[in-house]
Amino acid sequence: MTDHFQKKIEVVVFIPEQCSPLDLSSVVEPFLLANQQLGHEKYQVRYASLHQGQLAISAYLHLSIDYAFENQFDCDVLIILNQHKPKAPLSQSIKKRFQYLYQQKGIEIFAAYAGVYWLAESGLLSKGISTIHWSIMDGFSDAFSQLDISANLYETTERITTCSGRLAMLDCMINWLETQESRELAHALSEQLCMDRIRPSSERQNIPTNYLGGDLQPRLTMSIELMENNIEEPLSTDEIADLVNISRRQLERLFKRYLNSMPAKYYFQLRLKKARQLLLNTNKSIIQIGLCCGFSSGPHFSSAYKTFYGITPREERTTLFNVKKS
């Protein structure tokens, strides 16, 4: 074998307190499957916490911790998982440890769910855009109002990736493994995991409509429901504002505050997601799907779809057909 294939990649999963078993398996399983596909243990997964010993993930799952985080250890990739925000402000030694691993050692760092708090408190999210799970996004954005936060599944800036967590970590890790290995390996992993597709980082979290607005922002909820119910013949932003009895400017502020988007852009993405569902799950023609989702012509639909998903509708359907054939 060449040196490239013999090189080991040390992956350390840091669990400060407790994490979801789903988050943990979504991180670890892609590496185990990648090793199987490669035929050797290229990706070596180790575990770190605040202390060495046994860490209870659930009543039925206990991990043997390899490293205490503040002690010296080497790794190529660090992945931070935690179920809750830090119980107390991070110590200077923990902050410096994060900064040392990132700035001096040059490693790649991932953080999922509430693990994102650890990077934010360490001052490593000042550049670019970050994301976090929708259920804890409001508290996070209040605590770190200076950060640019999106509702996407995951975001990457200069060797740091923040992820909403849960099943989005599968997409995140498989996408990363594709950059390290090949597209063929990534597709092999998705097939092993029975995933119909690997979601890109640009895809938004599936946030419940009643959570986005709820009792506090009923007009936001009403606006989204209007959009969802008028896909084929889209309403203008002014029409939506009139129907929910607020000004266009007020509507735009609501969308910017709670969705980090403008109404027209959010509506546009809703239509594209609906189009993708129809493309993958019906036999409608591409032109029919475009018309059903408010696009005036086939070329307009195809261009918009490729801009958002990085692939044309025809290529998407061809890929799906080839996967089913194989």
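Rounded to the nearest 10 degrees, what's the angle between the helix 218-228 long axis and the longest principal axis of the chain, both from Cα atoms, 0 to 90?
Relative to the chain, helix 218-228 is tipped by roughly 70 degrees.
Not counting the cut sites, what is the longest span of the chain without trypsin sites (Lys or Arg not before Pro) that DSSP labels loop and that have at most 15 other Cβ atoms within 10 Å?
Looking at the chain, 160-283 is the longest stretch - no exposed trypsin sites (Lys or Arg not before Pro) with at most 15 other Cβ atoms within 10 Å.
Let me check I've understood the local charge: for Lys127, count other residues with C-beta under 12 angstrom from its C-beta, Lys and Arg +1, Asp and Glu -1. What total comes out?
That sum, taken over residues with Cβ under 12 Å, equals -2.
Per the helix-only calculation at 222 nm, which mean residue ellipticity applies to the chain, given -39500 (n - 2.57) for every DSSP H run of n ≥ 4 and division by its residues, nearest 500 deg cm²/dmol?
That calculation yields -13500 deg cm²/dmol at 222 nm.
Rank these for me by crowding, Ile109, Ile79, going from fewest to most other beta carbons within 10 Å.
Starting with the residue having the fewest Cβ neighbours, the order is Ile109, Ile79.
Work through the residues other than Arg46 whose Cβ is under 13 Å from its Cβ and net out their charges, Lys, Arg +1 and Asp, Glu -1.
Result for the neighbourhood of Arg46: -4.
So, how do all the Cα-to-Cα distances of the chain break down into 20 Å bins, in percent, from 0 on up?
Once binned at 20 Å, the Cα pair distances of the chain give 28, 53, 18, 0.
Tell me, which longest segment in the chain has none of the chymotrypsin sites (Phe, Trp or Tyr not before Pro) that fall in DSSP loops with at most 16 further Cβ atoms within 10 Å?
So the longest stretch without any such site is 74-326.
Sort Met169, Met227, Met195 by Cβ crowding within 10 Å, fewest neighbours at the top.
Ordered by Cβ neighbours within 10 Å, fewest first: Met195, Met227, Met169.
Counting DSSP beta bridges in the chain, what percent are antiparallel, to the nearest 5?
Roughly 25 percent of the DSSP beta bridges within the chain come out antiparallel.
Could you list, in their original order, any pairs among Lys256/Lys306; Lys127/Lys306; Lys105/Lys256; Lys127/Lys265; Lys7/Lys105 whose Cα atoms are separated by more than 29 Å?
Too far apart for the 29 Å limit: Lys105/Lys256.
Provide Rg and Dmax in Å for segment 136-290, with only Cα atoms included in the calculation.
17.8, 53
Values quoted throughout were computed directly from the atomic coordinates according to the rules given, and no laboratory measurement underlies them. As the structure is a prediction and not an experimental result, all values here were calculated from the model. All Cβ positions, glycine included, derive from the backbone under ideal geometry; neighbour counts span all protein chains shown.
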